[in-house]
1. Given (1) more than 10 Å from chain B (Cβ to nearest Cβ); (2) crowded, with 19+ Cβ neighbours inside 10 Å, where does A:Met168 come up short, assuming only one miss?
2. Of everything in the range B:123-149, what is in contact with a Ser or Thr (Cβ under 8 Å, 6 or more places away or on another chain) and either more than 20 Å from B:Met195 (Cα to Cα) or among the aliphatic types (A, V, I, L, M) (or both)? Give them in sequence order.
3. Of the conditions (1) within 12 Å of chain B (Cβ to nearest Cβ); (2) buried (at least 23 other Cβ atoms within 10 Å of the Cβ), A:Val137 fails just one. Which one is it?
4. Could you check the range B:69-168 for helices (runs of 4 or more DSSP H) lying wholly inside it with 1 or more residues that are more than 19 Å from the chain's Cα centre (by Cα), crowded, with 16+ Cβ neighbours inside 10 Å and more than 14 Å from chain A (Cβ to nearest Cβ)?
5. Which residue out of A:Ala150, A:Ala109 is within 30 Å of B:Arg85 (Cβ to Cβ), modelled with pLDDT of 95 or more, more than 14 Å from chain B (Cβ to nearest Cβ) and surrounded by 17 or more Cβ atoms within 10 Å (Cβ to Cβ)?
6. I'd like to know if the range A:132-139 contains one or more residues that are in contact with a strand residue (DSSP E or B) (Cβ under 9 Å, 6 or more places away or on another chain) and either hydroxyl-bearing (Ser, Thr, Tyr) or on the phi < 0 side of the Ramachandran plot (or both).
7. How about the range B:191-258: which helices (runs of 4 or more DSSP H) wholly inside it have at least 2 residues that are touching a residue at least 60 places away in the same chain (Cβ under 8 Å)?
8. Taking the criterion of being touching a Pro at 6+ places or on another chain (Cβ under 8 Å) and either more than 8 Å from every other protein chain (Cβ to nearest Cβ) or in contact (Cβ under 8 Å) with a residue 60 or more places away in the chain (or both), would at least one residue in the range A:114-122 satisfy it?
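The values are calculated or read from the model by the stated rules, or taken from the named source; none is laboratory data. Please read all numbers here as calculations on a predicted model, not as lab measurements. So basically every Cβ, Gly included, is an ideal-geometry build from the backbone, and we count neighbours across all protein chains shown.
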Amino acid sequence: MSWYKPADVGFAARRLLGDIGAAARLFMRLLALAGPAFRRFGLVRDQVHFLGNYSLAIIAVSGLFVGFVLALQGYYILQRYGSAEALGMMVALSLLRELGPVVTALLFAGRAGTSLTAEIGLMRAGEQLSAMEMMAVDPVRRILAPRFWAGIIVLPLLTAIFNAVGIMGGWGVGVLMIGIDPGSFWSQMQGGVDVWQDVGNGVVKSVVFGFTVTFVALLQGYNARPTPEGVSRATTRTVVMASLAVLALDLVLTAMMFSI
Amino acid sequence: MDDSPLTPFVELRNVTFGYGDRAVLDGLNLSIPRGKVTALMGASGGGKTTVLRLIGGQQRAQQGEVLFDGQDVGTLQGPALYAARRRMGMLFQFGALFTDLSVFENVAFPLREHTDLPEALVRDIVLMKLNAVGLRGARNLMPSEVSGGMARRVALARAIALDPELVMYDEPFAGLDPISLGTAAQLIRRLNDAMGLTSIVVSHDIDETFHIADQVVVLANGKVAAQGTPAEVRASTDPLVHQFVNALADGPVRLHYPGPDVEQDFGVARGGEP
């Protein structure tokens, strides 16, 4: 491939457009399969358990640490302006609006996304997807769709847990360690957080990230070359692409939310 | 539908197929008779597995027709293709069992996907199919706990779970020990006769395959090099078929991969000191 040869550039551009088209078609199919997926809810439920339960520990521990750090850094800034009791509000707003959805999505990509990619890539490598097709069972409907919708259910729930644990961490550092008045910690938080503006925006973000991370993971697994090397590359690509997509979409969503 | 044994169950007419520039099948004509065991043989990369994939509709012929009971599989789409596939069973080279399901659930999988049978009936059918391959006792094992030969027998039980009319075996003997190999071969023959199946066996294993096949087809260079009963193919005078059947290292299929001359590579001049 050399950039100055028109034929090579054209070939690469055509292949890129083809890949985007195939990805878009898969995405639309997964959306359309919402009905069948939820009619066999057992399959979705198993995946919710698998994706959610196994991500729970890392999400909770990370949430705690992020809460600790937010309280420490927040106190450093706020006490300069003599408003250290606003720490509760600051911790809650940072988590709900920004850090909760984004960090959870990044951790979810690393923990659950990679396992989805590897699982589906290995199913392809072991001819399990071909075998399913030969049994007249559509792998997109039977394997991909339940995982897709499970990911979209799971990520907002994990984000909520991350936020809750993070706020507890902020309380631990702010109230127990630093000694801020617990009454003002909680009342400032209660007064400063709006259900629609802050919590709602965070939920919208986490749902969008759920679509993004799960879809990237499934796409990479489904299109992985059926070799050990191909599966390992696909797993790496899942983390890289899902993380970049989450951060880029976060910018877009945040900008949109400020303009409304 | 004409069920007379004279009309072929599967027929390939003038089929051409290739990956990129490399033609794998080149104007192939092939017919698989109903109720018989047909062995598809030939060198590796000779397009045997491709034939199975064409019949299953996983690949489409670039030219020609692939007729399955009179229907051109290559033109079928969506539900019609799936309807045709429900009448076929395929055994993949290494079984392709679902690694997250137990042996029992693997065999139950097609039943659960395609039927609404009550659980008690599913259990009975699965145990009957597992009994047919001698693995009724292994129902609770996971695929990681069974040997290669057993995995293939489980896959066979799964392939016949919905009572197909055609069963395709992709290298069923590859990597099996002699006992498993003999078991697998006898099983293919017995199931074919007991269930009234039509079987296509892709294999390299000459002794075992010739033993169970009614018809042998040898593919070479994308065409049929020999076709007939095992005895007829064994007696073939075609040099390529002769090399294959007798497992000779050199013949029309060269031992050496094409490359520079020996003289050139080792720096020795032809006929004397340099």
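1. Only one criterion is unmet by A:Met168, namely (2).
2. Passing the criteria: B:Arg139, B:Asn140, B:Leu141, B:Met142, B:Pro143, B:Ser144, B:Ser147, B:Gly148, B:Gly149.
3. A:Val137 satisfies every listed condition except (2).
4. Hits in the range B:69-168: B:103-114, B:119-132.
5. Working: A:Ala109 fails: within 30 Å of B:Arg85 (Cβ to Cβ).
Answer to the selection: A:Ala150.
6. Looking for residues that are in contact with a strand residue (DSSP E or B) (Cβ under 9 Å, 6 or more places away or on another chain) and either hydroxyl-bearing (Ser, Thr, Tyr) or on the phi < 0 side of the Ramachandran plot (or both), one finds at least one in the range A:132-139, hence yes.
7. Details: elements: B:206-212, B:230-234, B:239-245.
Where helices (runs of 4 or more DSSP H) fall fully within the range B:191-258 and carry at least 2 residues being touching a residue at least 60 places away in the same chain (Cβ under 8 Å), they are B:206-212.
8. yes
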